[in-house]
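In what follows, a structure is listed as structure tokens, so that the remarks can point back to it.
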Amino acid sequence: MQKKIGLSVMLIMMVFVLSGCYSEETVSYKSEEKVLVYSIEKIPETLINSEETVDRENDVICSLFEGLVEMNESGDVIPSLCQGWKVSNDGLEYIFKLREDIKWSNGEKITSFDFIDYFKYILSPDNENYKLDELYTIEGAKDYKNGVCDFENVKIQATDKKTIVITLNTCDEEFLKKLSKPVYRLRDVSEPLNYYKDNYSKIRYTGAYTISNTSASDITLKRNDYYLDDAISMEEIKIKEQQSVEADFASYNLENIDIVSSPPVLSLDKGEMHTAVEYYPSNVIKVLVFNNENNITSDIRFRKGLFDGIFLEILDSYMIKYNLGMWAVNDIAYNDLLNKSLYLTKEYEVNEKPKLKENAKKLLNQLDTRKKVVSLVGKNISENKIISEFIKNIFQDEYDISVEITLLDDNELENYLKEKKFDIYIDDFDLDTYKLSNDYILEELNESLRDDYSIISLYYKNFLWCKSSKIDNLYIDANGNLILKYTKI
């Protein structure tokens, strides 16, 4: 993420609250002056990151632990537990100096040897939580991860209690940004991180907060007495597991919850609630994936016709008009996905719309689409419903093509995709992980996706956040995480 797009933009939003379903009496949380209540989809089961750890779970990790560096809202790398760093002229050696005042939450000093132990763990060939190939630019890291050598051969070294030297085998301009990710935040893996809910008092924390209480559906954080930062304004944070998007948003409107992400925005025309929404750009792109082994979508004229037909029409969609996404319609080359080199830079001129529509009609008129039904499938979420209906209406109104929309829950969708019962699949592609949410579909359609216009991007998604009136600002770092210690009340 780059920087915040807008603050306190007023939106009318529709909430799925059936009369009497969610009342103030059903909510057991009450936001107090110095206590922040934050609702997330799922409370983490472990305090050890894995490939499956999602952003909101990482928000908890970021509150409890810190690393050498972190990223600010603008994407700049700034010191965290280190006071600074030096890079050699050839860009291969990084020297980090730790701060003098950093301590574990039990008062013990944090040393460079603690970091060495942690890097040894996360790069271990026995650690299957993360692939971590992004650290293979560190000399010896790949061989150690593959079990070829011992950790002593990895050039991550402590020269004294306050100095860490990391040597790379090739220049890596993104190296510091990589180290800012939640997975590299320091923790002691000999402690019961995997069983923290019953053992939180046995864990030493390195971040601004520690865990003071847990239950099946929430955890309570309190300020870390040994974390020195006078700017922290919240003494206590209650992180609760979401009942449902609708129930939690209703609770937010009753001021029982202070922060809600991804509120149920459905319709501006029929909205019943008013609230302040903040928008933050993401590295997640909404994409269409074509099943080129199936039906009409195997014909490039259809795929190209669809591309021309929606290229500029998307600008008039609900998602773009109301800042829920940023226009990014493009043909994505499959090889770019494999090589992690995707850049969406295509320019557009609005006055080109008539020409594009004419091109689309020429291509689609070459096909017999009158008796064809195009199957568009995706996950059953309101965003997919909105954009699918938008595409369907364009197809039917402009090009006389029937579209059948099928939105399913995760398990049903997985089976549907495995059986390839679709023509077009709508999903989110994450540029940080280079994965779809159902990533195996790329492998299933590997060969056919090498054709042109097999994957089309639509827009960058924006993260939406609602905050209560007592919060001055939210702080979302460039990794997409809510950093609670910087959130002001």
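Applying the criterion of being open to solvent by 10 Å² or more (accessible area, probe 1.4 Å) and not in a helix (DSSP H, G or I) to the residues of segment 413-426, the residue that is farthest from LEU306 (Cα to Cα) is GLU419.
Take the residues of segment 303-319 that are surrounded by 18 or more Cβ atoms within 10 Å (Cβ to Cβ) and among the hydrophobic types (A, V, I, L, M, F, W, C): which is modelled with the lowest pLDDT? Filtering segment 303-319 for residues that are surrounded by 18 or more Cβ atoms within 10 Å (Cβ to Cβ) and among the hydrophobic types (A, V, I, L, M, F, W, C), the one modelled with the lowest pLDDT comes out as MET319.
Look at segment 112-141: where a residue is under 19 Å from THR170 (Cβ atoms) and part of a strand (DSSP E or B) and a partner is open to solvent by 60 Å² or more (accessible area, probe 1.4 Å) and not basic (Lys, Arg), sitting 6+ places away or on another chain with Cβ atoms under 8 Å, you get ILE138/ASN169. If you check GLU66, GLU73 for being modelled with pLDDT of 95 or more, out of contact with any helix residue (DSSP H, G or I) (no Cβ under 7 Å at 6 or more places or on another chain) and surrounded by 15 or more Cβ atoms within 10 Å (Cβ to Cβ), only one passes: GLU66.
Within segment 81-96, the set of residues being in a strand (DSSP E or B) and buried (at least 17 other Cβ atoms within 10 Å of the Cβ) comprises CYS82, TRP85, TYR94, PHE96.
Just checking, which of GLY309, GLY305, GLY325 is of a type outside the set (Val, Ile, Thr), touching a residue at least 60 places away in the same chain (Cβ under 8 Å) and in contact with an Asp or Glu (Cβ under 8 Å, 6 or more places away or on another chain)? One residue alone meets the criteria, GLY309. If the condition is being aliphatic (A, V, I, L, M), assigned to a loop (DSSP other than H, G, I, E, B) and buried (at least 17 other Cβ atoms within 10 Å of the Cβ), then segment 357-409 contributes only ILE401. If I filter segment 186-204 down to residues being open to solvent by 50 Å² or more (accessible area, probe 1.4 Å) and over 27 Å from the mean Cα position of the chain (by Cα), which single residue comes out as farthest from THR111 (Cα to Cα)? Once the filter is applied, the top-ranked residue is ASP198. Contact map, segment 430-457: first residue closer than 25 Å to GLY309 by Cα, second residue of a type in the set (Ser, Thr, Tyr), Cβ cut-off under 6 Å, separation 6 or more or different chains; pairs are LEU449/TYR334; ARG450/TYR334. Identify the residue in segment 131-157 that is open to solvent by less than 30 Å² (accessible area, probe 1.4 Å) and within 22 Å of VAL77 (Cα to Cα) and, among all such residues, is nearest to the chain's Cα centre (by Cα). Checking each candidate, the answer is LEU132. Identification of helices (runs of 4 or more DSSP H) wholly contained in segment 276-356 with 1 or more residues that are within 15 Å of PHE395 (Cβ to Cβ) and among the β-branched types (Val, Ile, Thr) yields 300-310. Of all residues in segment 278-302, those satisfying the criterion of being charged (D, E, K, R) and open to solvent by 20 Å² or more (accessible area, probe 1.4 Å) are GLU293, ASP299, ARG301.
For segment 142-177, the tally of residues that are of a type in the set (Ser, Thr, Tyr), part of a loop (DSSP other than H, G, I, E, B) and in contact with a strand residue (DSSP E or B) (Cβ under 8 Å, 6 or more places away or on another chain) stands at 0.
Among the residues making up segment 459-486, those that are outside any strand (DSSP E or B) and within 12 Å of the chain's Cα centre (by Cα) are ASP477, ALA478, ASN479, GLY480, ASN481. Of the residues examined, GLU128 is not one that is within 24 Å of the chain's Cα centre (by Cα) and open to solvent by less than 60 Å² (accessible area, probe 1.4 Å).
Listed conditions (1) modelled with pLDDT under 95; (2) surrounded by fewer than 20 Cβ atoms within 10 Å (Cβ to Cβ) are all met by ARG56, apart from (2). Of the residues making up segment 430-489, those that are open to solvent by 40 Å² or more (accessible area, probe 1.4 Å) and small (Gly, Ala, Ser) number 2.
The values are calculated or read from the model by the stated rules, or taken from the named source; none is laboratory data. Keep in mind that this is a model prediction, so the values were computed, not measured. Glycine also receives a Cβ, built like all others from the backbone with ideal geometry; neighbour counts cover every protein chain displayed. When the accessible area is computed, the model is the full protein with side chains, heavy atoms only, and any ligands, DNA or RNA have been set aside. Shrake-Rupley method; radii C 1.70, N 1.55, O 1.52, S 1.80 Å.
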